[in-house]
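A quick write-up on the structure given underneath.
The values are calculated or read from the model by the stated rules, or taken from the named source; none is laboratory data. All values derive from a computational prediction rather than experimental measurement. Here the Cβ positions follow ideal geometry from the backbone for every residue, glycine too, while neighbour counts run over all protein chains shown. Just the protein is used for accessible areas: all its heavy atoms, side chains included, with ligands, DNA and RNA removed. Shrake-Rupley method; radii C 1.70, N 1.55, O 1.52, S 1.80 Å.
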There are 2 protein chains.
Amino acid sequence: MTKEEDILKKHISKHRLKVTKERYAVLKAFMALERHITAEELYRHMKDKGASVGLATIYRTLNLFCESGLAEQRQFGDGQARYELTYNVNHHDHLICRQCNKIIEFENREIEKLQEEVAKKHHFKIFSHRLELYGTCATCTKNNK
Amino acid sequence: MTKEEDILKKHISKHRLKVTKERYAVLKAFMALERHITAEELYRHMKDKGASVGLATIYRTLNLFCESGLAEQRQFGDGQARYELTYNVNHHDHLICRQCNKIIEFENREIEKLQEEVAKKHHFKIFSHRLELYGTCATCTKNNK
DNA sequence: TCTAAATTGAGAATCATTATCATAATCAAT
DNA sequence: ATTGATTATGATAATGATTCTCAATTTAGA
């Protein structure tokens, strides 16, 4: 049993939910795939692999992952939610290429520190944040020439 | 004529669009209202004031404002786009209270500078970014006790 | 094994936003 | 000012992502 399965199982029993093969199947597929996947992409992928699960269940299960702390949902402004595993992953932010949709992750402790200062100045208790830089990636910039 | 009207007019003539009373009415109402307004809120407000304009036109006009550089659209994750006048306004980011939905603006040049460094490191050409801090504001924190 | 409670899948419902299209308004040239 | 071409408007339909509904199925625990 992977650590992620263990976390999911603990969340499930804590909330008197039930362990199902669908939930394991979604977790397995989710872990095997690229980060920042949409529900639709995950659905298609599982269907192609013969591990079909209803789309509604994909959504429900991804939300369950978020509630259990395994994953996070992101909105990059294209109208579809994206999900990424965050268990055992350092917090990071994103660079998004508007031309090829490439997503690059970055970490910057200095920025985080400054954010905390801003929050403190306004007496805000922060529980999450997001920082996204939109632009054109190196490859696309080169190809544009 | 306000400076904003002037900008809109220039954008309109540059793109061979047309000046209409609806566009002026929306601009007037938009400028008079609080920042970070939704299309629906603007629509309701104008209806109540007797300056009724169709909802589709509100959307079209707000997008026109964004194209002309007068306004920007924001997504704070509640499923509705919000718009704010940005002409002659310094760039800023947002603190968002998840309890009372209050939105506080802040400016931080140091964070911006660090963002530029991150972009440079990844050879990204940035044309926009967004930074949002989600949490509980001072008032709500106090009231929770 | 039995039963209560949770889960699933299919499709309906929802909600914000955009598209459609007939009618009306605007603009530029006369 | 009138005309003609083009764009804008408003009402409503359409869209697309996500959630809800509900009957049938599966799970957990006694």
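Identify, please: which residue in region B:81-110 is over 14 Å from the mean Cα position of the chain (by Cα) and among the polar types (S, T, N, Q) and is, among those, farthest from B:ALA71 (Cα to Cα)? I'd like the intermediate steps shown before the answer.
Applying the first criterion (over 14 Å from the mean Cα position of the chain (by Cα)) to region B:81-110 yields B:95-102, B:106-110.
Imposing the further condition that a residue be among the polar types (S, T, N, Q) reduces the set to B:99, B:101, B:108.
Details: B:GLN99: 26, B:ASN101: 21, B:ASN108: 20 Å.
Ranking the qualifying residues of region B:81-110, first place goes to B:GLN99.
When you scan region A:60-72, do you find a residue that is farther than 22 Å from A:ASP6 by Cβ and either at pLDDT 95 or above or within 9 Å of another protein chain (Cβ to nearest Cβ) (or both), even just one? No - not one qualifying residue is present in region A:60-72. Within this structure, B:SER13 fails the test of being of a type in the set (S, T, N, Q), within 11 Å of DNA strand D (Cβ to nearest atom), away from every other protein chain (no Cβ under 14 Å) and not in a helix (DSSP H, G or I).
Please work out which residue is nearest to DNA strand C (Cβ to nearest atom), limiting yourself to region B:7-29 and to residues that are open to solvent by less than 40 Å² (accessible area, probe 1.4 Å), out of contact with any Asp or Glu (no Cβ under 9 Å at 6 or more places or on another chain) and not small (Gly, Ala, Ser). I'd like the intermediate steps shown before the answer.
Taking region B:7-29 first, the residues open to solvent by less than 40 Å² (accessible area, probe 1.4 Å) are B:7-8, B:11-12, B:25-27, B:29.
In the following step, the residues that additionally are out of contact with any Asp or Glu (no Cβ under 9 Å at 6 or more places or on another chain) were identified as B:7-8, B:12, B:25-26, B:29.
Now drop any that are not not small (Gly, Ala, Ser), which leaves B:7-8, B:12, B:26.
Values: B:ILE7: 15, B:LEU8: 11, B:ILE12: 7, B:VAL26: 14 Å.
The residue in question is B:ILE12.
Looking for whichever is more than 30 Å from B:GLN115 (Cβ to Cβ), in contact with a Leu (Cβ under 9 Å, 6 or more places away or on another chain) and not assigned by TED's automatic domain parsing to the domain that holds A:HIS129 here; the options are A:LEU70, A:LEU42, A:LEU62. Which one fits?
Working: A:LEU70 fails: more than 30 Å from B:GLN115 (Cβ to Cβ); A:LEU62 fails: more than 30 Å from B:GLN115 (Cβ to Cβ).
Criteria check complete, one pass: A:LEU42.
When B:ILE104 is tested against the conditions (1) more than 26 Å from B:SER128 (Cα to Cα); (2) among the β-branched types (Val, Ile, Thr); (3) assigned by TED's automatic domain parsing to the domain that holds B:SER128, the lone failure is (1). A:ILE126 passes every criterion in (1) touching a strand residue (DSSP E or B) at 6+ places or on another chain (Cβ under 6 Å); (2) of a type outside the set (Gly, Ala, Ser); (3) over 24 Å from A:PHE65 (Cα atoms); (4) at pLDDT 90 or above apart from (3). Could you grab me the full set of residues in region B:30-52 that are farther than 19 Å from B:TYR87 by Cα and within 12 Å of DNA strand C (Cβ to nearest atom)? Hits for region B:30-52 are B:GLU40, B:GLU41, B:TYR43, B:ARG44.
Scanning region A:1-26 for residues that are under 18 Å from the mean Cα position of the chain (by Cα) and either under 23 Å from A:ILE96 (Cβ atoms) or free of Cβ contacts under 8 Å to residues at least 40 places away in the same chain (or both) turns up A:GLU5, A:TYR24, A:ALA25, A:VAL26. Within the option set B:ARG109, B:ARG98, being in contact with a Phe, Trp or Tyr (Cβ under 8 Å, 6 or more places away or on another chain) and either facing another protein chain (nearest Cβ under 8 Å) or basic (Lys, Arg) (or both) holds for one residue only, B:ARG98.
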